[in-house]
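Take this structure first; my questions come after.
Any read-out appearing in this document is the output of simple, stated calculations on the displayed coordinates, not a laboratory observation. No experiment lies behind these values; they were computed from the predicted model shown. Positions of Cβ are backbone-derived with ideal geometry, glycine not excepted, and every protein chain shown enters the neighbour counts.
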Amino acid sequence: MEFRTSAKTVRGLGSAREGAAHWWAQRMTALALVPLCLWFVVSVCRLAGADHGDFTEWLSSPFNAVAMLLLIVAGFHHAALGAQVVLEDYIGHEGWRTATVVAVKGVCWALVAACAFATLKIALGG
């Protein structure tokens, strides 16, 4: 016995079929961030008191540069996904909701680009 009416389909209130992918991406970025954040915290503690040259040498290591880029991408992607959920839950007007989600995602990806550029510039000795 099915309790759904055809009105739900007509009104477009059915599943957008994107919830599982969003949920999965949020969990995978969180899982990736665990070792990346541990690496970052340990690295920062080991670099305490280091000067600019020591930091530049540290980030010039291929492992550290790649790990930093992964941390940047995973962190900002995770933040954008989380912010999207909050905005979708608390902004009632569809136009404002869409505009703020697009703006937050744009800011996050602009920050990814800026951080990646800075990391690569230091890592490659530019």
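Of the peptides 98-104, 78-84, how do they stack up when ordered by the mean number of other Cβ atoms within 10 Å, highest first?
By packing density, highest mean first, the sequence is 78-84, 98-104.
Moving on to the next point. If I model a spin label as a point 7 Å beyond the Cα along the Cα-Cβ vector, how far apart are those points for W39 and Y90 in nm?
3.3 nm
Karplus couplings for segment 57-72 from phi (6.51 cos²θ - 1.76 cosθ + 1.60, θ = phi - 60°), rounded to Hz, Gly and Pro as x?
Karplus-based 3J(HN,Hα) across segment 57-72 equals 5, 4, 6, 6, 5, x, 4, 5, 5, 5, 4, 5, 5, 5, 4, 4 Hz.
Note down the relative contact order for segment 66-126 as a percent, whole number, built from C-alpha pairs under 8 angstrom at least six residues apart.
So the answer I get is 46 percent.
Would you kindly calculate the translational diffusion coefficient of segment 66-126, applying Stokes-Einstein with the Kirkwood radius from alpha carbon pairs, for 25 °C and a viscosity of 0.890 mPa s, and quote it in µm² s⁻¹ without decimals?
Translational diffusion coefficient: 195 µm²/s.
Let me ask another. What distance in nm lies between label points placed 7 Å from Cα along the C-beta direction at D51 and L70?
For the pair D51/L70, the computed spacing is 3.2 nm.
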